[in-house]
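Undergrad: Before I ask anything, here is the structure I am working with.
Read the figures in this text as sums done on the coordinates, not as results from a lab. Not measured: the values here are computed from a predicted model. When we count neighbours, we look across all protein chains shown, and the Cβ atoms used for this are built from the backbone with ideal geometry, even at glycine.
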């Protein structure tokens with residue numbers, strides 16, 4: 001390693017250290033405030049028969065009330081001496097009624113350094129080792145990268161164990177008011193800390209490896225340097241993907257195997273209990289079945305879209321205007337579409353029933369009848385998707401070389417044979433794409449259900465995503481909802497894998 | 001096999017563009033005729049009108065004596081080979097060749113027999129299970145030919161079938177197409193912008209420009225006696241040399257001069273094939289400066305500039321003894337100058 005590279009390595013280490021401290025700071029601030037509190041003040045409703053509590057200082061009083069009345073969540077405030085503290089609502093034993101508030105003084109500042117110290121130490125040792133390794137010229141890039149990852153992992157593990165030790169050591173100091181059966185303080189818990197630290201560890205490992213690669217890059221062929229540059233270019237989007245997609249999915253899986261109560265302080269690991277619960281829950285299976293039936297609108301719409309595309313592919317005057325009109329519903333807001341269709345399908349004032357009445361057919365309560373509600377939603381979805389599918393089919397049609405159809409005409413094929421033997425096979429990749437993405441999207445369908453039927457009547461339109469939403473936000477069963485999401489995710493992943501296989505199997509155009 | 005007759009064919013496109021302007025053309029039974037001309041001259045439109053892919057504004061198309069002007073393509077009994085081959089990418093070579101027979105509901109045993117026969121003729125039976133994407137350009141061309149042959153149509157149409165091939169394969173395929181024509185004895189109409197293809201393959205060449213047939217005849221007669229300046233310029237490579245000047249009746253006077261036996265005196269253009277320029281001390285020689293010498297092996301092309309600024313190219317046998325910058329004298333071989341009216345490009349002599 002040259003001097004410059006050593007400096008870059010040291011700069012990386014310093015950056016890592018600063019990031020670790022900052023992150024530990026943030027994390028510890030959130031983690032189990034109660035565990036690190038040195039005193040707690042509480043106040044309870046007299047009607048509950050609790051002993052009168054010591055009064056809050058006036059500045060805290062307001063914050064405590066606010067956290068009880070509006071937010072149902074902790075607020076960070078400062079007492080008159082400028083010391084930071086947290087106020088949070090307190091619930092009764094049934095976890096139902098808010099009966100008071102607590103204010104907790106935290107002591108997290110001293111913890112941050114303690115937690116970050118081992119991580120920094122491990123990193124510095126790793127850097128020194130790596131430096132000597134490259135000086136000894138026995139190192140390989142793979143070994144270096146592995147070393148970086150192992151070092152970062154060790155740092156993360158050490159940090160986590162320190163964190164847990166800190167939490168455990170401070171736990172007995174938690175002041176639980178004896179009259180309150182359950183002190184409900186939300187805590188982001190160790191999960192966040194673990195997640196953040198693992199991400200940081202990975203970033204540190206990457207940084208160490210990158211420095212090492214760079215140190216050796218001068219002597220390497222251009223191909224390797226190109227590889228490095230390529231990784232550099234994708235790094236920002238990769239980081240984005242990790243933080244905003246992969247990490248939340250990991251968090252979701254984590255929630256699905258824990259008892260996750262928003263206002264409970266302990267969240268024990270329960271394994272697959274939530275999955276067993278949803279497996280035994282008929283409403284989950286009903287939602288899945290509804291989703292499968294709902295998805296049938298996709299092939300039906302595809303047929304209509306292909307027919308529309310075949311018509312709109314003709315070189316007629318004004319055809320472009322018509323194409324735009326058919327496409328319009330796709331760009332309209334789904335909520336707006338839902339509201340308009342709610343009126344069109346209305347039992348008493350709807351256009352559809354007016355038309356039925358005009359030809360002396362009985363009125364149908366489209367959205368109010370369990371037998372017709374789901375088909376009605378499918379109709380609206382089909383109407384909304386038709387334009388998009390038509391445009392994709394149109395593009396597919398126009399990608400078919402004219403000479404191919406002319407060759408078929410000369411070969412003696414009639415219109416139906418041209419469609420069946422040339423056009424349809426040539427559109428197969430497009431159809432596969434539309435079918436699979438359409439089904440995937442149909443399983444995501446939420447807005448129409450939410451706005452038009454709210455899963456009703458009699459759960460006739462209760463689809464999976466709506467069930468997840470209701471479980472999480474109306475029944476407050478985030479853990480069960482997470483388990484459902486994992487099942488849905490697996491389902492969609494399987495569909496996507498299928499799509500990839502089918503698309504990959506397509507022959508390239510001649 | 002059947003003769004093709006096109007009478008007073010006119011095609012006016014929407015917007016008033018005239019694609020084909022009163023063309024009358026005959027391809028005899030078993031003949032190989034090439035339509036050649038610059039891009040946009042209407043040659044492909046004629047082909048498409050004959051195939052039935054376009055409808056004429058007026059005129060008549062007859063195949064084998066039958067009026068097919070308003071029949072759909074499938075009822076005309078013609079096969080066409082497209083520039084991009086137009087193979088069905090989702091079908092194997094076998095299924096591509098069998099396609100015309102399948103859509104006509106030929107008996108399966110008959111399909112197998114004829115597909116094998118066509119494939120053997122074009123030596124592509126080893127490629128049966130491949131898809132078009134897995135074939136080279138030359139192989140695709142053969143599959144397209146096999147698909148045309150398998151139906152045994154009355155008339156073959158070719159739309160620049162060789163222009164997507166590289167030079168070597170093109171020369172080879174050219175010879176094979178001629179051999180195929182001999183063996184099948186089929187009537188063929190071949191469209192190309194490459195006059196070399198037209199000259200080397202066809203028995204009759206029709207030169208087109210702006211929707212009209214300028215001249216029709218055997219390849220060498222077109223080369224030797226182009227009826228107009230446009231034909232003279234289009235046929236031959238390198239292109240014919242032209243020099244503007246005047247005809248006095250007995251002589252052409254200009255940057256080059258030569259003896260004429262023209263009846264009239266007028267503004268004229270002298271056209272001379274590169275091999276008919278004589279370098280050295282000819283009687284009517286004009287001074288020129290050599291600008292480039294291109295040795296081609298058996299012959300050399302000598303490019304030069306006349307004092308008046310006109311560029312000429314001469315073809316001489318073997319290695320040329322001149323170099324860039326040499327001053328030479330250039331004249332026209334006796335009786336080889338072609339003279340055209342400056343006004344309309346029609347033949348003066």
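Undergrad: How much FRET efficiency would the formula 1/(1 + (r/R0)^6) give for residue A:259 and residue A:398, where r is the Cβ-Cβ distance and R0 is 45 Å, rounded to 0.05?
TA: Working: r = 55 Å, r/R0 = 1.23.
Calculated transfer efficiency: 0.20.
Undergrad: Using only atoms on other chains, find how many Cβ atoms lie within 10 Å of each Cβ of peptide B:79-88 and report the average.
TA: On the way: counts 4, 6, 2, 7, 1, 5, 4, 11, 4, 9.
Other-chain Cβ atoms within 10 Å of each residue's Cβ, averaged: 5.
Undergrad: Same structure again: Using 1/(1 + (r/R0)^6) with R0 = 41 angstrom and r between the beta carbons of residue B:248 and residue B:196, what's the FRET efficiency to the nearest 0.05?
TA: 0.65
Undergrad: Here is a further query. Can you give me the angle between helix B:108-121 and the longest principal axis of chain B, using Cα atoms only, in degrees from 0 to 90, rounded to the nearest 10?
TA: On a 0 to 90 degree scale, this one is about 30.
Undergrad: Let me know the mean shielding of A:422-431 by other chains, meaning the per-residue number of their Cβ atoms within 10 Å of its Cβ. Intermediate results must be reported in sequence, preceding the final value.
TA: Values: counts 6, 0, 1, 4, 3, 0, 1, 1, 0, 0.
Mean partner shielding for this stretch: 2.
Undergrad: A further question on this structure: Roughly how many whole Å is it from the C-alpha centroid of region B:76-149 to that of region A:241-288?
TA: Between the Cα centre of region B:76-149 and that of region A:241-288, the gap is 58 Å.
Undergrad: Exposure proxy check: B:322, A:366, A:343 ranked by fewest other beta carbons within 10 Å?
TA: Values: B:322 17, A:366 25, A:343 11.
Lowest count first: A:343, B:322, A:366.
Undergrad: Roughly what percent of Cα-Cα pairs across region B:1-141 reach past 25 Å? Numbers along the way, then the final one.
TA: Details: 4063 of 9870 pairs.
Tail of P(r) above 25 Å: 41 percent of Cα pairs.
Undergrad: On to the next question. Mean residue ellipticity at 222 nm from the helices of chain B, using -39,500 (n - 2.57) per DSSP H segment of n ≥ 4 over the full residue count, to the nearest 500 deg cm²/dmol?
TA: Details: 8 runs with 84 residues, N = 349.
The per-residue figure over chain B is -7000 deg cm²/dmol.
Undergrad: Moving on to the next point. For region A:279-504, what is the Kirkwood estimate of the hydrodynamic radius, computed as the reciprocal of the mean inverse distance between distinct Cα atoms, to one decimal in Å? Present the calculation step by step, with values, prior to reporting the outcome.
TA: Details: mean 1/r = 0.0511 Å⁻¹.
About 19.6 Å, per the Kirkwood formula over Cα pairs.
Undergrad: Scaled to the compact-protein estimate 2.2 N^0.38 Å, what is the alpha-carbon radius of gyration of region B:239-341, rounded to two decimal places?
TA: Details: Rg = 13.4 Å, N = 103, 2.2 N^0.38 = 12.8 Å.
Ratio of Rg to 2.2 N^0.38 Å for region B:239-341: 1.05.
Undergrad: Next question, about the same structure. For a quick check: sort A:504, B:43, A:320, B:233 by the number of other beta carbons within 10 angstrom, fewest at the front. List each step's numbers first, then the result.
TA: Working: A:504 7, B:43 30, A:320 10, B:233 19.
Fewest-to-most ranking of A:504, B:43, A:320, B:233: A:504, A:320, B:233, B:43.
Undergrad: Classify region B:94-133: rounded, prolate or oblate, from the alpha-carbon gyration tensor (a ≥ b ≥ c, eigenvalue square roots; a/c under 1.5 rounded; otherwise prolate if a/b is larger than b/c)?
TA: On the way: a/c = 2.47, a/b = 1.43, b/c = 1.73.
In terms of gyration-tensor shape, oblate.
Undergrad: So, one more: Give the calculated FRET efficiency between residue B:299 and residue B:109 to the nearest 0.05, with a Förster radius of 41 Å applied to their Cβ-Cβ distance.
TA: Working: r = 55 Å, r/R0 = 1.35.
Computed FRET efficiency for residue B:299 and residue B:109: 0.15.
Undergrad: Now for a separate question. Listing B:163, B:39 from the residue with the fewest other Cβ atoms within 10 Å to the one with the most, what is the order? Walk me through the numbers before you get to the answer.
TA: Working: B:163 13, B:39 8.
If I rank by nearby Cβ atoms, fewest first, I get B:39, B:163.
Undergrad: Using a ≥ b ≥ c from the Cα gyration tensor of chain B (square roots of the eigenvalues), is it rounded, prolate or oblate, where a/c under 1.5 gives rounded and otherwise the larger of a/b and b/c decides, a/b for prolate? Write out the running numbers ahead of the final one.
TA: On the way: a/c = 3.05, a/b = 1.81, b/c = 1.69.
Here chain B falls in the prolate category.
Undergrad: Continuing with this model, one more query. Expressed as cubic angstrom per residue, what is the convex hull volume of the alpha carbon set of region A:236-363? Walk me through the numbers before you get to the answer.
TA: Working: hull volume 33.4 nm³, N = 128.
Enclosed volume per residue, from the Cα hull, is 261 Å³.
Undergrad: Rounded to the nearest Å, what's the spacing between the alpha carbon centres of region B:165-218 and region B:16-69? Just the number, please.
TA: One Cα centre to the other: 15 Å.
Undergrad: Relative contact order for region B:239-341 using alpha-carbon pairs under 8 Å, separation at least 6, rounded to a whole percent? Could you put the intermediate results ahead of the total?
TA: On the way: 270 pairs, mean separation 32.4, N = 103.
The value is 31 percent.
Undergrad: Oh, and also: For chain B, give the share of DSSP beta bridges that are antiparallel, in percent and rounded to the nearest 5; count only bridges with both residues there. All intermediate terms of the calculation are to be shown ahead of the outcome.
TA: Numbers: 57 of 75 bridges.
Antiparallel: roughly 75 percent of the beta bridges in chain B.
Undergrad: How much length would be gained if the chain were fully extended between residue B:176 and residue B:133, taking 0.36 nm per residue of separation minus their Cα-Cα distance, in nm to one decimal?
TA: Working: separation 43, 0.36 × 43 = 15.48 nm, distance 2.30 nm.
Net length gain for the segment: 13.2 nm.
Undergrad: Sticking with this structure for a sec: I want to verify a result. In a Gaussian network model of chain B, Cα cutoff 10 Å, which of these has the top mean-square fluctuation: B:123, B:294, B:275?
TA: In the Gaussian network model the winner is B:294.
Undergrad: Given the options B:321, B:226, B:72, state which has the largest fluctuation in a GNM of chain B using a 10 Å cut-off (strictly under) for Cα springs.
TA: Largest GNM mean-square fluctuation: B:321.
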